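This report refers to the structure that appears directly beneath it.
The values are calculated or read from the model by the stated rules, or taken from the named source; none is laboratory data. Since the model is a prediction, treat every value here as computed from it, not as a measurement. Ideal geometry is used to build each Cβ from the backbone, glycine not excepted, and the neighbour counts take in all protein chains shown.
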Amino acid sequence: MKLSDCVRASVSSLRANVLRSILTTLGIIIGVGAVIAMVSIGAGAQSRVEDSIQRLGANLIMVMPGSQQQGGVNLGAGSRPSLSESDAVAIETRLDTIAIAAPSVRGNGQIIAGNLNWYTGIQGVTPGFFLAREWQLLDGREMTDQDVRRATKTAWLGYSVYTQLFPDQDGIGQTIRISRTPFEVAGVLAPKGQSGFGQDQDDVVFVPISTAKKRVLGRRSSFRGDDVQQIYLKVVSAEYVDIAEVQVAELLRELHQLAPGQEDDFQIRNMASFLEARAESQAVMTFLLAAVASVSLVVGGIGIMNIMLVSVTERTREIGLRLAVGAKRRDIRFQFLIEALMLSMIGGLIGVVAGIASATAIAVFGSWDVLLQPGSILLAFGFSAATGVFFGYYPAYMASQLNPIEALRHE
Amino acid sequence: MSTGPSRAADPPEPDAVVSTADLRKSYVVGDQEVHALRGVSVKIARGDFVSIMGPSGSGKSTFMNLVGCLDVPSAGQYWLDGTNVSELDVDALAEIRNQKIGFVFQSFNLLARTTALENVMLPLVYGPVPPRERKGRAEAVLDRVGLASRMDHTPAQLSGGQQQRVAIARALVNDPSILLADEPTGALDTRTGVEILVLFQELNRSGITVIMVTHDSDIARYANRIVRFRDGRVVTDEAVARPIDARARLAELPPPGEDEPVAQAEEASS
């Protein structure tokens, strides 16, 4: 018996019971559709997290001063000015795993340009900061070591600040006032977009760290001399991030002359790993949902088996006749197997369409990040076909083992 | 035409299309052994028209199942067209059924929702005939049984007699060695039954061997020879001196409406 004969026989028997065929495949349709939708949502979330990490700067570690306690009152992170520029220099020069150590101070202030003004964050940084955070320049010139050494009154505007202050003119070379001090706009930074936590990362102004201390934030008593608020560390490559964290901690304890057992006076945060952990928990969630969805595939398979068994019973006489006119047992087995396979593959195909449609609907109406994965679509479809073969085999075998004499006598 | 038990493995007579030697079949029902056939030796010559008769339980159905290669004997030999089929396995028997045996059943056993043409093509699907030749062959046999104009009809659109003709066409499509008919007129009214017997006699005259099981001694006398079974043995095996001519009998029957459905036709003929 040829495959084409088999397919023709299967199609006609499936068409004889259209409603039943569709209901039978419903489990497979839902299973395949759900798996595809779930995996797409998971992949979308994953790619969003990877995007955030990329925007933050890859392999980035942040060091902040530790908390200060005054008479039992903990003033929280950064309340003790325990980090210094010399710490940053020591980390960069003494640790091979750290490519860049960029100290920074930050504050807020009103910025005035012509008749426009904007309240924003002001960050004093070194040229290394832009490298550590992989922050490109959109226009103007880069910050240099000279700017820092000479404490030049130059400013680099984040994209949001720039568009606020210079909505329709070129701001490069213009003068702005930060805390009443005139600064020259030396450059505009490329937009970074939102951070992984939904903050606008472009709403900031950068000035050389020396200038920031002297001219902008210096009047506040908490910044004296060498103190910094944050040190951005760029690790040479991703696999050294964990080691680098340990090395930085050891080095800082040594530099700060902390006795063993004494608490750290600094905090180390690895933003990427934090985001990754969140991504991982999302991935686990996605996996669980996909697992639940594939349970529905199995249930769908059982539905196919059930209907195929019914079909074998109903068509006992037909099987008897086919055996009488010369069908071999394997012909009968093949025919019913093809029928089950067609049921599951039709279900799989409809499921693929339903899955893509629902993933798209979720993307459009739920404004979620959805990323269709061709691999998962193929896998779900293949799994549906495998389900048909697996659950179709037993009914097909039952059919092939019928005794032709009894089958012909069956009422 | 011997009826007595003979030694196994006798070489078949060259002109015998069916030749059995001491054929036995027993079943185990519960813990009891039931002997359905107790040593049957029958030879049927090529081109013969034989009726198999006997009450239920006589073993005639078992004999037919064995002759039709639907079952295998417990003991004894069976040659069909020169092949010792009692030694073949399941797949080889399927091939024999496909190539050498044409079945006609009491209840037609046509596939519903399938046209007459496709029903007739069914045995070809399991044989060596290439797909492009199948339609032509099926059309030829449908023409031969007088249904050339109804090839695209499904069983539901055909009368009982026409359905049985489709079944006969299906039995003939692989050009078998024997036509095996099990109560072929059992589901038909008298007139339609006789029409089917006309067809059988015509086919037989053109050289086809026909073996027909019936419990109706009137129907049996359309054949050339009657073999009677009782208690698993052949009790009589005799030639019919003057077989009834179906065509002549048909002329004597009161004329009915053409192609009437079975139930109405039965009323009309009773």
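Pairs under 8 Å by beta carbon, first residue away from chain A (no Cβ under 11 Å) in segment B:128-139, partner assigned to a helix (DSSP H, G or I) and surrounded by fewer than 17 Cβ atoms within 10 Å (Cβ to Cβ), six or more apart or different chains? If the second residue must be assigned to a helix (DSSP H, G or I) and surrounded by fewer than 17 Cβ atoms within 10 Å (Cβ to Cβ), the pairs left are B:GLU139/B:ALA148.
Of all the numbered requirements in (1) closer than 24 Å to B:ARG170 by Cα; (2) touching a residue at least 12 places away in the same chain (Cβ under 8 Å), B:VAL90 misses one, and that requirement is (2).
State all residues of segment B:140-164 that are of a type in the set (A, V, I, L, M, F, W, C) and within 13 Å of chain A (Cβ to nearest Cβ); if no residue qualifies, say none. Listed by number, the list holds a single entry, B:ALA156.
Where strands (runs of 3 or more DSSP E) fall entirely within segment A:133-219, those with at least 3 residues that are modelled with pLDDT of 90 or more and buried (at least 22 other Cβ atoms within 10 Å of the Cβ) are at A:154-157, A:181-189, A:204-208. If you go through segment B:100-127 and keep only what is in contact with a Lys or Arg (Cβ under 7 Å, 6 or more places away or on another chain), in a helix (DSSP H, G or I) and facing chain A (nearest Cβ under 8 Å), you end up with B:LEU122, B:PRO123. B:ARG97 falls short on exactly one of the conditions (1) part of a helix (DSSP H, G or I); (2) closer than 23 Å to B:THR192 by Cβ; (3) of a type outside the set (S, T, N, Q), and that condition is (2).
Tell me whether segment A:335-354 contains one or more residues that are within 28 Å of B:LYS100 (Cα to Cα) and within 14 Å of chain B (Cβ to nearest Cβ). Looking for residues that are within 28 Å of B:LYS100 (Cα to Cα) and within 14 Å of chain B (Cβ to nearest Cβ), one finds at least one in segment A:335-354, hence yes.
Looking at segment A:230-346, what helices (runs of 4 or more DSSP H) fall wholly within it and have at least 1 residues that are without any contact (Cβ under 8 Å) to a residue 24 or more places away in the chain, of a type in the set (Ser, Thr, Tyr) and in the same structural domain as A:LEU379 (by TED's automatic domain parsing)? Give the steps one after another, and end with the answer.
Values: elements: A:241-255, A:271-314, A:316-324.
Here the list reads A:271-314.
When A:ALA16, A:ALA43 are checked against the criterion of being modelled with pLDDT under 85 and either within 14 Å of chain B (Cβ to nearest Cβ) or closer than 16 Å to A:MET342 by Cβ (or both), a single residue qualifies: A:ALA16.
Screening segment B:42-83 for strands (runs of 3 or more DSSP E) wholly inside it with 1 or more residues that are of a type in the set (A, V, I, L, M, F, W, C), away from every other protein chain (no Cβ under 14 Å) and over 19 Å from B:THR185 (Cβ atoms) returns the ranges B:43-45, B:75-80.
Scan segment A:118-132 for residues that are part of a strand (DSSP E or B), touching a residue at least 40 places away in the same chain (Cβ under 8 Å) and either out of contact with any helix residue (DSSP H, G or I) (no Cβ under 8 Å at 6 or more places or on another chain) or surrounded by fewer than 18 Cβ atoms within 10 Å (Cβ to Cβ) (or both) and jot them down. Break it down into steps so the answer makes sense when it comes.
Step one: list which residues in segment A:118-132 are part of a strand (DSSP E or B), which gives A:118-125.
Checking which are touching a residue at least 40 places away in the same chain (Cβ under 8 Å) leaves us with A:118, A:120-125.
Result: A:GLY121, single match.
Please verify whether B:ASN204 is in contact (Cβ under 8 Å) with a residue 24 or more places away in the chain, buried (at least 16 other Cβ atoms within 10 Å of the Cβ), under 30 Å from B:PRO131 (Cβ atoms) and in contact with a strand residue (DSSP E or B) (Cβ under 8 Å, 6 or more places away or on another chain), treating the condition exactly as stated. Before you say what the answer is, go through the steps one by one.
Details: in contact (Cβ under 8 Å) with a residue 24 or more places away in the chain: yes; buried (at least 16 other Cβ atoms within 10 Å of the Cβ): yes; under 30 Å from B:PRO131 (Cβ atoms): no; in contact with a strand residue (DSSP E or B) (Cβ under 8 Å, 6 or more places away or on another chain): yes.
Answer is no for this residue.
In segment B:146-177, how many are over 13 Å from the mean Cα position of the chain (by Cα), part of a helix (DSSP H, G or I) and of a type in the set (Gly, Ala, Ser)? Adding up the residues that qualify gives 5. For segment B:199-238, a residue qualifies if it is at negative phi and of a type in the set (D, E, K, R), and the qualifying residues are B:GLU202, B:ARG205, B:ASP216, B:ASP218, B:ARG221, B:ARG225, B:ARG228, B:ARG230, B:ARG233, B:ASP237, B:GLU238.
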